[in-house]
Amino acid sequence: MFRIVRMRLEQETRKTINDTSRMREHVEARAAIANAVRPFGNLDWIGSVFGKDHSTICHYLKEHDAMLQFYPTYANLFTIALRIVDEVSDEMGLLPIHTTTESGVTHQIAVYTNTIIELQRRVKKLQSLAIMEEKE
């Protein structure tokens, strides 16, 4: 599943993700996929898609909220990745795995709720900017 999600994200964005690059665009793409697929696997499985170990994936998960807040490109990639994960999981008939409290349903709801709140805040800000531009 993880490799399919990666392949589809690369196709949709028309950008290949470099597993060894530390350039922001590649890090953001890896983090977006890692955060989107998190309900479906453990850190080692997710890391194997990028040739990374669990600690790198753990770092991506910890940085998710900050990246959503400060990097619009990350928020866009994460939104695309979530949609692709939903499509692929439906196609494959996969359900999220929930083996620990940390990755349980309550935690995932909190993560997605925070994501929605941040994206709504960003939409309001952009709408305000659009209104200001119309007045000028």
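Structure summary
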| read-out | value |
| --- | --- |
| Filter result (surrounded by fewer than 22 Cβ atoms within 10 Å (Cβ to Cβ), closer than 20 Å to Ile4 by Cα and not hydrophobic (A, V, I, L, M, F, W, C)) within the range 55-80 | Asn76, Thr79 |
| Residue under evaluation Val105, criteria (1) at pLDDT 85 or above; (2) surrounded by fewer than 13 Cβ atoms within 10 Å (Cβ to Cβ); (3) farther than 21 Å from Thr20 by Cβ; (4) not hydroxyl-bearing (Ser, Thr, Tyr), criterion not met | (1) |
| Near pairs, Cβ below 6 angstrom, 6+ apart or cross-chain, from the range 7-19 (free of Cβ contacts under 8 Å to residues at least 24 places away in the same chain) to any residue that is of a type in the set (Ser, Thr, Tyr) and open to solvent by 90 Å² or more (accessible area, probe 1.4 Å) | Glu10/Thr16 |
| Residue list for the range 13-34, filter: in contact with a helix residue (DSSP H, G or I) (Cβ under 6 Å, 6 or more places away or on another chain) and surrounded by fewer than 18 Cβ atoms within 10 Å (Cβ to Cβ) | Thr16, Asn18, Asp19 |
| Condition met for Val88 (open to solvent by less than 40 Å² (accessible area, probe 1.4 Å), modelled with pLDDT of 95 or more and not hydroxyl-bearing (Ser, Thr, Tyr)) | yes |
| Matching residues in the range 111-136 - criterion: being over 14 Å from Ala75 (Cβ atoms), open to solvent by 100 Å² or more (accessible area, probe 1.4 Å) and not basic (Lys, Arg) | Gln127, Met132, Glu133, Glu134, Glu136 |
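The values are calculated or read from the model by the stated rules, or taken from the named source; none is laboratory data. These numbers come from a predicted model, not from an experiment. In this analysis, Cβ positions are derived from the backbone assuming ideal geometry, glycine residues included, and neighbour counts consider all displayed protein chains. Heads up: the accessible areas ignore ligands, DNA and RNA and are worked out on the full protein's heavy atoms, side chains in. Shrake-Rupley method; radii C 1.70, N 1.55, O 1.52, S 1.80 Å.
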